[in-house]
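Below is one structure, written out as structure tokens; the observations come after it.
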Amino acid sequence: MKKLSIGMRLTLWYFAIFLLAEFAFGAGMWLILRKNLLDIADEVLEGQAADLQRFLEARKDVSPAQLQAEISEDYKFERSADYLQISDAGGSSIYGSRFFEKHPLPELSPDQLVRPRYENRRLGHEHFRFMSEMMTVGGRAYVVRIGHPIDEEIETLDAFRGYLLWFAPILLLGASGIGYWLSRKALAPVDALARTARTISGHNLSSRLEPLHTGDELQRLSDTLNEMLGRIEAAFRRITEFTADASHELRTPIALIHTEAELALRRSRDEAEYREALQHILLEADRTARLLEELLDLARADSGSEGLDIHPIDLLATLRESASKWNQVASLRNLQFEEHLEVQKLPVMGDENALRRVIDILLDNALKYTPSPGKIMLSAEEMHSHVIVSVEDTGIGIASEDQARIFERFYRVDKARSRELGGAGLGLAIAQWIVQLHKGSIVVESEIGRGSVFRVEIPATTSAVDKHPGQQ
Ligand code: ADP
């Protein structure tokens, strides 16, 4: 079943609450009016009873027969005698108006009259309020029953009920209508937001919802949605740019492989020429494979399934291992390599392979961008409960405007040069992602022509460190 709109549900609630309130109010008013009207009738009855009491007290010594005669005589023209009935304690009638001959009252036993008894009765076509009372005068007990017609009161009550029944639905409909109108008015901006939101898709992510200036929850809602759209747009743009850059990067080595193979096949060549062509193809294939690996790493980073195995490790062992590898590469390129690892250990919470990757990226860059003769330095220390690893070179340096951007994906200061050296501009982006996953930071200091320093800072741990596989 389709759910009702909020506006409709609010209206129904409004209707139900109003109905209940009206019913309670109407019933309450009717009961109060009835009680007041009956109180007035009761007062009349009590006055008549007091008169009768006085009458009986004045004749307390006369015989019952005499009393009967006097009552009949005295009350003949009294209005109060129209509905009066007096009997003695034994139940024999002393006086009874003629009305009761036609409409006799049911007998009451003395124990029902311990206190004066008030009741409403319908006799014939008329409504009465009756008061029944036991009166004791001069040692004699009388059962007195006095009636008072209350047709007018009943009519008033009926009329009042009629007004209520007429008035209530009109009020209810009016109130529900106003409730519906108010809820529509309050929710109209939500409808407008929903309408605009529905038109926003991947093609027009730069559109925004109409900003509201109501200063209330709705403004907060539209502001929050707009902020969310901003974030989605930025993420979307990043993905689009990434895909475009990745395709572009992949196209170059594949085009080179294609050209190289095509040229080699154009005519028959000797073995040395084929060998050279295949070597070029191999180099480009390696580059493509490395690029694909880097792209995969970043895709994994974006999807959040980073899959790092973080546990207590001694980073010193990893650094020493990397240093010995890069020391050899440096000497092949006629570069001086220095390591300053004068510490006992560097305990961190980390993933060994991932951190080795960071050091490799930094040292690879340092070697790539430092012409011979030059110097590369790897150092590490523990300071303020942080492990700081620095990779310093005396290479070409990075201009200050580029320093902030080199951590972006595919950003290269000198595109042609970096590509020649085998880089696609992804190394530092991967390094930064890994360091951030270790709750650390990576910064660069550099000066054109003098060299660069990359500093990685990771919180040190006090947990017991796992033994490195290389250590005995
Ligand atoms: P690449 O694979 O192209 O080296 P990186 O993300 O590792 O990509 O580096 C981005 C860019 O930063 C490089 O293209 C290079 O221009 C610059 N760069 C990185 N390290 C150094 C360095 N040690 N000296 C000078 N420039 C550097």
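The values are calculated or read from the model by the stated rules, or taken from the named source; none is laboratory data. Note that the structure is a prediction, hence the values are computed from the model and not measured. For neighbour counting, all protein chains shown are included, and Cβ atoms are generated from backbone atoms with ideal geometry for every residue, glycine included. When the accessible area is computed, the model is the full protein with side chains, heavy atoms only, and any ligands, DNA or RNA have been set aside. Shrake-Rupley method; radii C 1.70, N 1.55, O 1.52, S 1.80 Å.
Hey, what did segment 33-164 get for relative contact order, percent, Cα under 8 Å, at least 6 apart? This gives 27 percent for segment 33-164.
The separation of segment 430-448 from segment 131-179, counted between C-alpha centres, amounts to 89 Å.
Each peptide in 201-209, 440-448, 360-368 was scored by the mean count of other Cβ atoms within 10 Å over its residues; highest first, the order is 360-368, 440-448, 201-209. Surface composition of the chain: carbon and sulfur make up 57 percent of the accessible area, probe 1.4 Å.
Using θ = phi - 60° in the Karplus curve 6.51 cos²θ - 1.76 cosθ + 1.60, the 3J(HN,Hα) couplings for segment 262-275 round to 4, 5, 5, 8, 4, 9, 6, 10, 7, 4, 4, 5, 4, 4 Hz; x is entered for Gly and Pro.
For segment 197-301, the per residue solvent-accessible surface stands at 72 Å², with DNA, RNA and ligands left out and a 1.4 Å probe. One quarter of the convex hull surface built on the alpha carbon atoms of segment 142-287 amounts to 23.1 nm², the projected area averaged over directions.
If you restrict to DSSP beta bridges whose two residues both lie in the chain, what percentage is antiparallel, to the nearest 5? Rounded to the nearest five, the antiparallel share is 90 percent. Counting only alpha carbon atoms, the long axis of helix 315-332 and the longest principal axis of the chain meet at about 30°.
Computing FRET efficiency as 1/(1 + (r/R0)^6) for residue 195 and residue 276, where r is the C-beta to C-beta distance and R0 is 51 Å, gives about 0.20. Averaged per residue, segment 25-178 has 60 square angstrom of accessible surface, using a 1.4 angstrom probe with ligands and nucleic acids left out. From helices alone, the chain scores -19000 deg cm²/dmol at 222 nm; the rule is -39500 (n - 2.57) for each run of n ≥ 4 DSSP H residues, then divide by the residue total.
Between residue 32 and residue 173, take the C-beta separation as r, use R0 = 30 Å, and let me know the FRET efficiency to the nearest 0.05. Working shown, then result.
On the way: r = 26 Å, r/R0 = 0.86.
Given R0 = 30 Å and the Cβ-Cβ separation, E is 0.70.
Amide H to amide H, with H built 1.01 Å from N, residue 141 comes under 5 Å of 89, counting only residues 5 or more places away or on other chains.
Kirkwood analysis of the Cα pair distances in segment 1-153 returns a hydrodynamic radius of 18.4 Å. Against the chain, whose longest principal axis comes from its Cα atoms, helix 6-58 is set at around 20 degrees.
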